[in-house]
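A quick write-up on the structure given underneath.
The values are calculated or read from the model by the stated rules, or taken from the named source; none is laboratory data. From a predicted model like this one, the values you see are computed outputs, not experimental measurements. Positions of Cβ are generated from backbone atoms using ideal geometry, with glycine treated the same way; all protein chains shown enter the neighbour counts. These area figures cover heavy atoms from the full protein model, side chains too; ligands, DNA and RNA do not enter into them. Shrake-Rupley method; radii C 1.70, N 1.55, O 1.52, S 1.80 Å.
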Amino acid sequence: MRRTGRVSVVMIAAALVVAAGCDRPNGNAPVAGPDAVTRGAASETPLGGDAVEPQAAGTFALTVPGRGVLTLAAPAGVTASPAESSVPGGASARLEGTGPEPYVITLTVVGVPGMMPGFGTGAWLAEELDRWKNALPAPGLAADAVPVEFQLDTVQGVYLNLEDPSPQPGQYPYCLQGFFNVDGCIVALQTLHHAPRASAANRFLAVLKDADWQPETAAPAEPVS
């Protein structure tokens, strides 16, 4: 199905935390499926409980049905679990960390280049972030936010740092939102956290370091008799 950038950003804005005050996500939210995310230690099994091929310690794999597998870095002390994705054909992971302060990363695979003209290019990523910003229910939080370009090996993208100067109890004061081309896979990444933004962005974006996208190989066609 052909999707426009505006449709995808509306879905992501609805699925991720965009309310004033950077509300804390619901830990009991429904998940996308038992096999969507696997954690990287060789002694662990997928979150669905089935056996998997061992991965390098410190990584986790996000399976996108019909598209491929995205393997990403897992910071020390972080737990990965499936998250609900409202992007058709997409997949999401929720990463929770505790040090030095609690934080939550939600990563959603939006698609892959070639889905539509210009999809996944630098200009598309910047436009998608701008549409996300304009769709916020409390746009005043992002009024002065300046997009930051990001590039690291096979990753390029753009992100915003948002801050609520007066967060309510149970809310995160800082939010990082970005769109990235990760080794040929287009993802939206959001982090809710307590650390001052100047020192936080690179630490949270390190989850994209050494990313590896393995597209699903189409089955060979049956010979014509």
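Here are the numbers:
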item	result
The stretch 104-185, dipole about Cα centre (Lys/Arg Cβ +1, Asp/Glu Cβ -1), debye to the nearest 20	180
The stretch 94-170, accessible surface, carbon-and-sulfur percent (1.4 angstrom probe)	53
Extension gain, Ala135 back to His194 (0.36 nm per residue minus Cα-Cα distance, nm)	18.9 nm
Difference of contour (0.36 nm per residue) and Cα-Cα distance, Val148 to Thr217	21.4 nm
